[in-house]
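One structure is given here, and the rest of the page talks about it.
Just so it is clear, none of the values below were taken in a lab; they were calculated from the coordinates. Every value quoted in this text rests on a predicted model; they were computed, and no experiment measured them. Neighbour counts are summed over all protein chains in view; Cβ atoms, including those assigned to glycine, are modelled from backbone coordinates with ideal geometry.
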Amino acid sequence: MVLEKIGADHVIEPEQDMARQLIFRQLHPNVVNYFKLSKNVSLVEVSVENPRFFNKSLGDLDFRKNCDVNIIGITHNGKLNQVPLATDIINPQDQITLIGSNEAVQKIGEILQEDK
């Protein structure tokens, strides 16, 4: 790329970022926001649509152990709790914000989709 050749250390390519987000959202319709933080790590906000997760606490679900992702926020009725506790309950129509490897984030996105 021209900017890299003239010495730019970091080049933002909005077209590539948008294309990546569109593809990810097509594959995972419950994804609200998707940010690739590095080559291997992503941050995702996803709607919880799978009823088997409803009315369960984060501690009971243990996403870190079972899915290798960290939950860093829960949005309930439009209000973000950016410091969720293990005792916080996931309700229908909640969204969770999580961070993890690209592979783990993709897997959890699929798991949280509604069972068909």
Inset, instruction - In whole Hz, with x marking every Gly and Pro, tabulate ³J(HN,Hα) for the stretch 20-35 from phi via Karplus 6.51 cos²θ - 1.76 cosθ + 1.60, θ = phi - 60°. - result: 4, 5, 4, 5, 4, 5, 5, 6, 10, x, 8, 7, 8, 9, 9, 10
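Identify the chymotrypsin sites (Phe, Trp or Tyr not before Pro) of the stretch 35-70 meeting these criteria: DSSP loop state and at most 15 other C-beta atoms within 10 Å of the C-beta. Could the numbers behind the result be given before it?
On the way: sites: PHE35, PHE53, PHE54, PHE63; in loops: PHE54.
Hits after loop and neighbour filter: PHE54.
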Legend entry - Under-5 Å amide H pairs with VAL41, H placed in peptide plane, nonlocal only: ASN102
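Once R0 is set to 30 Å, what does the formula 1/(1 + (r/R0)^6) return for the Cβ-Cβ distance between GLU13 and GLU110, expressed as a FRET efficiency to the nearest 0.05?
Numbers: r = 27 Å, r/R0 = 0.90.
Computed FRET efficiency for GLU13 and GLU110 comes out at 0.65.
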Inset, instruction - For an R0 of 22 angstrom, estimate the FRET efficiency from the Cβ-Cβ distance between LEU22 and GLN93 and round to the nearest 0.05. - result: 0.40
Legend entry - Percent RCO, i.e. relative contact order, over the chain, from Cα pairs under 8 Å lying at least 6 residues apart: 29 percent
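Report, in deg cm²/dmol and to the nearest 500, the calculated mean residue ellipticity at 222 nm for the chain, where each DSSP H run with n ≥ 4 adds -39500 (n - 2.57) and the sum is divided by the residue count.
On the way: 5 runs with 38 residues, N = 116.
Only helices count here, giving -8500 deg cm²/dmol.
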